[in-house]
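Visitor: I have a structure here, written as structure tokens, and I will follow up with some questions on it.
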Amino acid sequence: MTERTKPADTTEENDEQRKRTATQQIVDFGSALTKTPHGSVYCMTIIGQIEGHNTAASGAKTTKYEHVLPLLAKLEESDEVNGVLFLLNTVGGDVEAGLAIAELIAGMTKPTVSIVLGGSHSIGVPLAVAARRSFAVPSAAMTIHPVPHERHGHRRPPAPTTTSSGFRIGSWPCVSSHSQITAQKFQALMLKKDDMAADVGSVVYGEEAVSLGIIDQVGGLSDGLQCLYRQIEEAKGKRETS
């Protein structure tokens, strides 16, 4: 009678596989899922150029909207994710792709927090304000200007005499409805002529962005995480009482 082979213990192998998957996820998507006493937090980076319908130049750091959109939908539906932290350092990019990502973030029911680190320029502005609560470090920069020229490769923004359709960003509900700044005030910043750094438009930094009502609060990683934890706890409380 042959001795029955004892089944191998795969627990250690499964743990190792999960670690490899998590590491590869950081490498491939700049994202990570961390389990905390408050719940599981998914951290997503939005960096470099927002790549849309056209491929960015070779060697450019990009955030690809065809990767981000389905990932956001998956996070919204996942029982393993309690909250999402967005870390932004972007130069801007494709207008429609950026707006699509921003509107999807704004439509999430999961707790969300964004932190602007370095910069969140142009189309990065609606991305920064799309989360439930937005933060910016004091050194963070945000360029506000007419952005349709980015997608079409123009070197300068269109002149202020251009028709209103050319200033699609000026009446963005995505900015005014997800922050404390009005569309009129935002358009005034966009058309400002005396800021040589932006040519036409404005460059604002962390504290100024908060005083203008674009960003909710000056703060860094610990501030953003504490805010996200509070949102997660509040969401748990609502589920328990419902």
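The values are calculated or read from the model by the stated rules, or taken from the named source; none is laboratory data. Small disclaimer: the values here were computed from a predicted structure and weren't measured. Here the Cβ is made from the backbone with ideal geometry for all residues, glycine too, and neighbour counts use every protein chain on show. Side chains included, ligands, DNA and RNA excluded: accessible areas come from the protein's heavy atoms. Shrake-Rupley method; radii C 1.70, N 1.55, O 1.52, S 1.80 Å.
Visitor: Using label points projected 7 Å from each Cα along Cα→Cβ, tell me how many nm separate residue 61 and residue 40, to one decimal.
Guide: Each label point is offset 7 Å from its Cα along the Cβ direction, giving 2.8 nm.
Visitor: Name the residues whose placed amide hydrogens come within less than 5 Å of the amide hydrogen of residue 31, ignoring near sequence neighbours (fewer than 5 apart) on the same chain.
Guide: 26
Visitor: Further, regarding this structure: Based on Cβ point charges of +1 for Lys and Arg and -1 for Asp and Glu, what charge dipole magnitude is obtained for segment 38-99 about its Cα centre, in debye rounded to the nearest 20?
Guide: Working: 3 positive and 8 negative charges, 57 e Å.
Dipole size: approximately 280 debye.
Visitor: So for 236, 193, 185, what's the accessible-area order with a 1.4 Å probe, most first? Intermediate values should be presented prior to the final figure.
Guide: On the way: 236 55, 193 145, 185 95 Å².
The residues order as 193, 185, 236, largest area first.
Visitor: Take the residue pairs 74/236; 35/61; 110/238 and return only those whose Cα atoms are more than 23 Å apart. Provide the component values of the computation, followed by the final result.
Guide: Working: 74/236 20 Å; 35/61 28 Å; 110/238 13 Å.
Too far apart for the 23 Å limit: 35/61.
Visitor: Moving on to the next point. When the solvent-accessible surface of protein heavy atoms is calculated with a 1.4 angstrom probe, in what order do 76, 207 fall, highest first? Can you show the working numbers first?
Guide: Working: 76 45, 207 125 Å².
So the residues, ranked largest to smallest area, are 207, 76.
Visitor: While we're here: Got a sec? What order do 229, 205, 42 fall in by accessible area at 1.4 Å, biggest, i.e. largest, first? Write down the numbers at each step before the final one.
Guide: Working: 229 35, 205 120, 42 10 Å².
Highest to lowest solvent-accessible surface, that is 205, 229, 42.
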